[in-house]
1. Please grab the % of Cα pairs in the stretch 150-200 that end up more than 12 Å from each other.
2. Taking the simple approach of a point 7 Å from Cα along Cα-to-Cβ for both residue 127 and residue 153, what is their distance in nm?
3. As I understand it, the dipole of the chain uses +1 on the Cβ of Lys and Arg and -1 on the Cβ of Asp and Glu, about the Cα centre. Which of 122, 107, 162 lies farthest toward its positive end?
4. Checking the cross-link filter: which lysines have an alpha carbon closer than 22 Å to that of residue 196, excluding same-chain neighbours under 8 positions apart?
5. What is the packing order of peptides 27-35, 171-179, taking the mean over residues of other C-beta atoms within 10 Å and listing the highest first?
6. Given N residues in the stretch 110-179, what is Rg(Cα) / (2.2 N^0.38 Å)?
7. Quick check for me: using +1 on Lys/Arg Cβ and -1 on Asp/Glu Cβ, what's the dipole size of the chain about its Cα centre, in debye to the nearest 20?
8. Relative to the Cα centre, what is the charge dipole magnitude of the stretch 150-200, using +1 at the beta carbon of each Lys and Arg, -1 at the beta carbon of each Asp and Glu, and rounding to the nearest 20 debye?
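Rule-based calculations on the coordinates, nothing more; no lab input. No experiment lies behind these values; they were computed from the predicted model shown. Glycine gets a Cβ as well: all are built from the backbone with ideal geometry, and neighbour counts include every protein chain shown.
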Amino acid sequence: MLADKPKRVNMENGLFNYLSLTSEEKTLIDELNIIKCYNKGTILLREGDNVDKCYFVIKGCIRTYYLNNGDEITAEFYTESNPLSPFCLRNKKPSSFNVACVEESLLCVTTPKVEAIIFRKFPHFESLYRMLVEEVLVNTHISFAQFKNASPEQRYENMIVNRPDLVKRAPLSQIASYLGIKPESLSRLRKRVNNKLQMV
């Protein structure tokens, strides 16, 4: 399912309930029509495509993944308050991964041109955005370091401590690929970890 016809969002039930905005800010955001609602399974970006869009998750969950011999390998999940600025947008090359909605998602979708308009008119938005991007980068580096040096069981334990919502929000197959194991291995691992937690 391609992201060709996202649903337009009533601002009074969208971003305006998420952030404290002035009437002037509300008017600009509404006029720019940057808040979109996408159905579960919608593909926002395909590997090999050129892109000019950045995403900010207001509500929902999206993921980046790539294909390896036909198998989908989840690279990262993005949930509420997470920005995603695909690297291909910066290096002007085709995307090396896909982006899709894990569940119905309310997103702020912008381009560098639109961001420049918003940041010029409301500089504090730029400061907030940069802070969020930096936080995501730091968390990504920490997650990668933990992942690289951890066993599959430790990776799963780290996930349920740091991102427990993913267990309920993402399919088992996607979580397994995110942890670098097979779904059947994850099923056994979950039972083992749950039994361990019950004994604590």
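1. 62
2. Roughly 4.8 nm, to one decimal.
3. 162
4. Output for residue 196: 168, 182.
5. Taking the mean over residues of other Cβ atoms within 10 Å, the ranking is 171-179, 27-35.
6. So the stretch 110-179 has a normalised radius of gyration of 1.52.
7. Charge dipole of the chain: 500 debye, to the nearest 20.
8. 100
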